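Before any comments, here is the structure.
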Amino acid sequence: MLLEVKDLNTFYGESHVLQGLSLNVAQGELVALLGRNGMGKSTTLKTIMGLVKSKSGHVIFEGTDITGFPPYKAAQAGIGYVPEERRIFPELSVYDNLLLGIKGGKIKNPNDPNVWTIDRIYSHFPKLKERCNQQGRFLSGGEQQMLAIGRSLMGNPRLLLVDEPTEGLAPIMVQEVRNVLEEINKKAGVSILLVEHNLKVALSLAHRVYLMGKAHIGYQGSVEELRNNQDVRAKYLEV
Ligand SMILES: Nc1ncnc2c1ncn2[C@@H]1O[C@H](COP(=O)(O)OP(=O)(O)OP(=O)(O)O)[C@@H](O)[C@H]1O
Ligand SMILES: [Mg+2]
């Protein structure tokens, strides 16, 4: 198993926001984590990444217990994180934003076909190539999302945690971001744990789905199983 999350308990002050949460991502999988507002989806990603500390439970990545690792160490271990708010640098060019994704400033052997280089990013994101010299602040929301994803790939992650990548985007950009995630997973072989409100996008990408109720996983199954289970959809997703 690439990622094993076991029995996490996470608190914000007194508020117990993850209550024994467990999930797995296998090598090569794209797994969707879905649920209504405030259930704890973002907190799950943040706890895996070490941005929020859990009180108990374990995060095992490629067989190593990385529980409690600070974010830069989780990144070094091979996990990329694309937060909801994207956090690109508005004053820096697209190119410089991408360069900042190289962990520890170390450029790995560019002849290794598995290593992400700026050129390889540009081949998956032609829009970023076109706009390589522009400052981040001039990009559209969708282009900023592409840049945030591209930048995280520069760290050569084996697992990407992506939080609400299509939120607030125009329909055409929703489709483009969706397609880029599919390509990164299928062609580049990067496993993805995706939090996504757009059910259509999520189900069109995912191999497997976890649905969150308040602070816990309420359901897990294949996309096919979820499609055929109206009761579960009504309980955890539909309003
Ligand atoms: N920094 C924080 N301090 C205190 N409470 C927080 C903090 N961040 C989130 N919460 C609370 O923790 C719970 C889980 O929040 P989280 O952001 O993980 O949910 P979510 O499933 O990602 O929701 P959304 O779909 O709205 O993004 C919510 O009740 C939220 O109000
Ligand atoms: Mg969230």
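The values are calculated or read from the model by the stated rules, or taken from the named source; none is laboratory data. Because the structure is predicted, anything quoted here is derived from the model rather than measured. Note that we place each Cβ from the backbone using ideal geometry, even for glycine, and neighbour counts take in every protein chain shown. Surface accessibility is based on the protein's heavy atoms, side chains included, excluding ligands, DNA and RNA. Shrake-Rupley method; radii C 1.70, N 1.55, O 1.52, S 1.80 Å.
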Those residues of the range 124-142 which are open to solvent by 30 Å² or more (accessible area, probe 1.4 Å), in a loop (DSSP other than H, G, I, E, B) and at pLDDT below 95, in sequence order: Ser140
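What strands (runs of 3 or more DSSP E), lying completely within the range 170-239, carry at least 1 residues that are modelled with pLDDT of 95 or more, open to solvent by 50 Å² or more (accessible area, probe 1.4 Å) and farther than 16 Å from Gly142 by Cα?
Fully inside the range 170-239 and qualifying: 208-213, 216-222.
Give the residue, chosen from Phe138, Phe125, that is of a type in the set (Phe, Trp, Tyr) and out of contact with any helix residue (DSSP H, G or I) (no Cβ under 8 Å at 6 or more places or on another chain). Working first, answer last.
Values: Phe125 fails: out of contact with any helix residue (DSSP H, G or I) (no Cβ under 8 Å at 6 or more places or on another chain).
Matching residue, one of Phe138, Phe125: Phe138.
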Breaking point among (1) assigned to a loop (DSSP other than H, G, I, E, B); (2) crowded, with 19+ Cβ neighbours inside 10 Å; (3) of a type in the set (S, T, N, Q), for Ser152: (1)
Restricting the range 19-36 to residues that are within 11 Å of ligand 1 (Cβ to nearest atom) and under 16 Å from Glu164 (Cα atoms), the residue that is surrounded by the fewest Cβ atoms within 10 Å (Cβ to Cβ): Arg36
The one condition in (1) open to solvent by 30 Å² or more (accessible area, probe 1.4 Å); (2) free of Cβ contacts under 8 Å to residues at least 40 places away in the same chain; (3) near ligand 1 (Cβ under 7 Å from one of its atoms) that Met39 fails to fulfil: (2)
Any hit, the range 91-105, residues being acidic (Asp, Glu) and open to solvent by less than 50 Å² (accessible area, probe 1.4 Å): no
